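One structure is given here, and the rest of the page talks about it.
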Amino acid sequence: MPYMQDVRSPAEVAYDRIKQAILNVTYRPGEKLSEVRLAGDLQLGRSPIRSALARLEAESWIRVFPQSGTFVRTLEIRELEELSELRLILECHATRSATARISDAELVDLRNMFEQLKTKRIEDHISEFKALDTQFHSTIYRVAGNRRIEDILLNLKDQIVWVRAVTATLPGRVSQSLREMDDVLGAMERRDAEAAVSAMAAHIGNIADTFKSMPAAAAKMK
């Protein structure tokens with residue numbers, strides 16, 4: 001297969017790489033960024049870095065304070081509550097529909113992914129957990145059969161992924177999240193829609209509660 005050259009502009013490359021670093025919490029909430037540092041990290045010129053930062057600021061991934069500098073955005077409690085409320089409404093509905101619609105083959109595929117990951121020390125396999133998490137939720141969105149709900153949830157994907165990544169830094173949260181999703185899957189395997197919805201609601205609620213328990217978040221609530 002011939003080599004496919006990256007035809008993106010340097011500004012697009014800078015934007016994608018900085019945003020991905022924010023989503024992966026390589027650049028943590030509240031962390032100060034500078035053009036000089038980013039140019040060194042990404043081995044790019046300062047002009048594309050400047051363009052990328054302007055785009056990220058417009059999308060609210062970073063905050064620029066003229067007297068202080070540029071910082072990765074922080075997640076406010078109210079914002080998290082609004083996101084969780086929207087997810088509860090949409091994902092619980094999608095879970096109820098998906099429990100009736102999902103095929104046996106799709107359930108088997110998900111179960112195999114869960115069982116393979118459960119044999120490992122999950123904290124050492126975060127990338128595999130993230131892949132399972134994405135596959136699990138995306139399958140529910142798709143199988144539910146409501147394209148508008150699926151589109152809304154997929155549009156929220158970056159925010160959801162970022163919240164998960166931030167809360168995953170707390171000890172034990174990734175293992176707990178896997179158990180919560182396993183509860184949802186188990187209920188779906190039994191075709192018990194109400195139990196699946198209840199387990200999904202608990203999963204989403206626990207993500208919000210975990211964030212509120214983090215020291216930085218707790219400080220903001222005082």
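What the table below lists for this structure:
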item: Between region 93-134 and region 47-71, the Cα center-to-center distance that results, in Å; result: 36 Å
item: Directionally averaged shadow of region 1-115, computed from the convex hull of its alpha-carbon atoms, nm²; result: 12.0 nm²
item: Inter-probe distance in nm under a simple model that places probes 7 Å from Cα toward Cβ, at Asn112 and Gln176; result: 3.2 nm
item: Sequence-distant residues sharing a close amide H with Leu33 (under 5 Å, placed H); result: Thr70, Phe71, Val72
item: Cut-off 13 Å, label 7 Å out along Cα→Cβ of Arg190, residues of region 114-158 by amide N; result: none
item: Kirkwood-Stokes translational diffusion coefficient of region 91-222, alpha-carbon pairs, 10 °C, 1.306 mPa s, µm²/s; result: 104 µm²/s
item: Carbon + sulfur, % of accessible area of region 69-222 - ligands and nucleic acids excluded, 1.4 Å; result: 52 percent
item: Hz values of 3J(HN,Hα) by residue in region 88-99 - Karplus curve (6.51, -1.76, 1.60), Gly and Pro given as x; result: 4, 5, 7, 6, 5, 4, 5, 5, 4, 5, 5, 4
item: Over 14 Å [Cα-Cα, region 11-68], rounded percent; result: 50 percent
item: Angle between the chain longest axis and helix 46-58 axis [Cα atoms, degrees, rounded to 10]; result: 50 degrees
item: Calculated SAXS-style log₁₀ I(q)/I(0) at q = 0.08, 0.11, 0.15 Å⁻¹ - the chain, Debye, Cα scatterers; result: -0.34, -0.64, -1.06
item: Long-range HN-HN contacts of Ile62 with modeled amide H, under 5 Å; result: Glu57, Arg73
item: Long-range HN-HN contacts of Leu170 with modeled amide H, under 5 Å; result: none
item: Solvent-free Debye scattering, log10 I(q)/I(0), computed from the Cα coordinates of region 79-146 at q = 0.17, 0.20, 0.21, 0.29 Å⁻¹; result: -0.72, -0.89, -0.94, -1.14
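The values are calculated or read from the model by the stated rules, or taken from the named source; none is laboratory data. This is a predicted model, so every value here is computed, not measured. Every residue, glycine among them, receives a Cβ derived from its backbone with ideal geometry; neighbour counts consider all protein chains shown. Heavy atoms of the whole protein, side chains included, go into the accessibility calculation; ligands, DNA and RNA do not. Shrake-Rupley method; radii C 1.70, N 1.55, O 1.52, S 1.80 Å.
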